[in-house]
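S.K.: One structure, pasted below without further comment.
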Protein chains: 2
Amino acid sequence: MRLQGPNLRMIPEGDDRERLVCGDCGFIAYENPKVIVGAVCTWEDKYLLCRRGIEPRVGYWTMPVGYMELHETTEQGALREVWEEARARAEIDALLAIYSIPEISQVHMIYRARMLSPDFAAGPESQDVVLVSWEDIPWDDLAYPNVRWSLEYERQMRGQSGFPPRGRPVEG
Amino acid sequence: MRLQGPNLRMIPEGDDRERLVCGDCGFIAYENPKVIVGAVCTWEDKYLLCRRGIEPRVGYWTMPVGYMELHETTEQGALREVWEEARARAEIDALLAIYSIPEISQVHMIYRARMLSPDFAAGPESQDVVLVSWEDIPWDDLAYPNVRWSLEYERQMRGQSGFPPRGRPVEG
């Protein structure tokens with residue numbers, strides 16, 4: 001018999017919703033929303049963008065962003081992604097946006113960060129990393145809508161502080 | 001042979017950190033930080049508090065709060081907890097605080113909400129629910145430090161809007 005891992009959808013005893021359960025050993029694979037952390041990083045008036053080197057959306061551009069890992073704060077996770085994807089060091093200065101994306105059970109927390117130097121390089125998951133002015137952002141080749149939202153929020157909030165994080169825009 | 005479920009700590013091929021893997025079928029139980037959502041709810045100048053009816057911290061007091069579930073926004077999750085634990089309806093008015101608790105890999109997002117009516121009742125996970133004035137909050141019997149932080153932030157921010165969420169305080 002080939003074992004299949006958690007592959008049954010059932011309501012465990014004492015619970016009130018379906019979970020993913022292993023039919024062989026009873027292990028309950030609790031699925032909860034995942035947190036995505038990232039940062040719109042700038043050096044003077046330029047934006048740090050990464051060209052994705054891994055699926056999905058290979059070849060498209062994004063700010064450094066990725067899954068929050070265990071045993072880190074949201075801020076530490078965002079700065080870890082900045083290092084992993086763009087080999088840049090930055091300091092966080094505000095929480096720019098929180099996007100709940102219930103369709104795929106994610107919560108994105110995107111910070112505004114200032115690079116500590118203009119140094120950067122492509123990390124292992126990036127094909128390329130660039131520092132570009134607003135006009136040179138590859139708007140037609142952004143990986144996801146929230147990349148555009150985040151860049152636009154950064155632009156709107158330039159010079160401002162003490163503001164609440166923006167949410168997912170109501171798109172017309 | 002009794003199957004044990006995911007019980008090996010190892011780095012899967014192509015990954016860069018240890019995951020929990022099933023030695024029998026190879027299932028990788030990815031563990032990511034969990035999101036906790038809740039709300040400090042008020043009716044006029046009174047606060048809605050629940051006495052916990054389940055472990056941990058049975059018998060201690062908290063605002064309605066719990067694990068965010070799949071396919072909901074953080075706001076929907078917070079208001080779901082308000083209903084499940086306190087059988088109250090409320091509307092969210094601000095994001096009061098975000099607490100990263102890396103020691104236990106949690107991110108708490110606590111909202112400020114106004115009750116739509118003074119109706120409430122103990123949900124299945126609460127021993128009791130009350131609506132109390134600031135002076136009558138059972139300060140010595142709160143379930144967790146973040147309950148106190150959240151109540152204090154609500155008090156500090158009364159009448160204010162457009163503010164960034166507070167973080168975990170630096171405790172002296």
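S.K.: Between copies, how close do the A:Gln156 label points come, placed 7 Å along Cα→Cβ, listed in nm from shortest?
M.R.: Those separations, rounded to one decimal, come out as 2.6 nm.
S.K.: Also: Label-to-label distances across copies for B:Ile104, with labels 7 Å out along Cα→Cβ, in nm, shortest first?
M.R.: With the label placed 7 Å along Cα→Cβ, B:Ile104 yields 3.0 nm.
S.K.: Next up: Counting only other chains, what is the mean number of Cβ atoms within 10 angstrom of the Cβ of each residue in peptide A:65-73?
M.R.: That average works out to 5.
S.K.: Moving on. Using only Cα atoms, find the angle between the long axis of helix B:74-86 and the longest principal axis of chain B, and express it within 0 to 90 degrees, rounded to the nearest 10.
M.R.: Orientation of helix B:74-86: about 70 degrees from the principal axis.
S.K.: In cubic angstrom, how much convex hull volume per residue do the alpha carbon atoms of region B:34-157 span? Please list the in-between numbers first.
M.R.: On the way: hull volume 12.1 nm³, N = 124.
It comes to 98 Å³ per residue, whole-number rounded.
S.K.: Among A:Phe163, B:Phe120, what's the order by accessible area (1.4 angstrom probe), most exposed first?
M.R.: From most exposed to least exposed: B:Phe120, A:Phe163.
S.K.: Once the Cα gyration tensor of region B:57-104 is found, what semi-axes does its equivalent ellipsoid get, as square roots of 5 times the eigenvalues, in whole Å, sorted largest first?
M.R.: They are 18, 16, 12 Å, listed largest first.
S.K.: In addition: What value, in deg cm²/dmol to 500, does the helix sum -39500 (n - 2.57) over DSSP H runs of n ≥ 4 give at 222 nm once divided by the residues of chain A?
M.R.: -5000 deg cm²/dmol
S.K.: Shortest first and in nm to one decimal, what separations exist between A:Arg17 and its copies in the other chains, measuring from label points 7 Å along the Cα-to-beta-carbon line?
M.R.: Here A:Arg17 shows inter-copy label distances of 2.4 nm.
S.K.: Count the DSSP beta bridges whose two residues both fall in the protein assembly as shown, then state the antiparallel fraction as a percent rounded to the nearest 5.
M.R.: In the protein assembly as shown, approximately 75 percent of DSSP beta bridges are antiparallel ones.
S.K.: In region B:34-157, what percentage of the DSSP-assigned beta bridges are antiparallel, given to the nearest 5? Intermediate results must be reported in sequence, preceding the final value.
M.R.: Values: 24 of 34 bridges.
Among the beta bridges of region B:34-157, antiparallel pairing accounts for roughly 70 percent.
S.K.: What Kirkwood hydrodynamic radius do you get for the protein assembly as shown when you take the inverse of the mean 1/r over all pairs of distinct Cα atoms, in Å?
M.R.: For the protein assembly as shown, inverting the mean 1/r across all distinct Cα pairs yields 21.9 Å.
S.K.: Could you work out how much longer the chain between B:Glu44 and B:Ile11 gets when fully extended? Use 0.36 nm per residue separation minus the Cα distance between them, nm to one decimal.
M.R.: Contour length minus the Cα-Cα distance gives 6.6 nm.
The values are calculated or read from the model by the stated rules, or taken from the named source; none is laboratory data. No experiment lies behind these values; they were computed from the predicted model shown. Backbone-built Cβ (ideal geometry, glycine too); neighbour counts: all protein chains shown. For the accessible areas, the whole protein counts, side chains as well, though only heavy atoms, and no ligand, DNA or RNA atoms are used. Shrake-Rupley method; radii C 1.70, N 1.55, O 1.52, S 1.80 Å.
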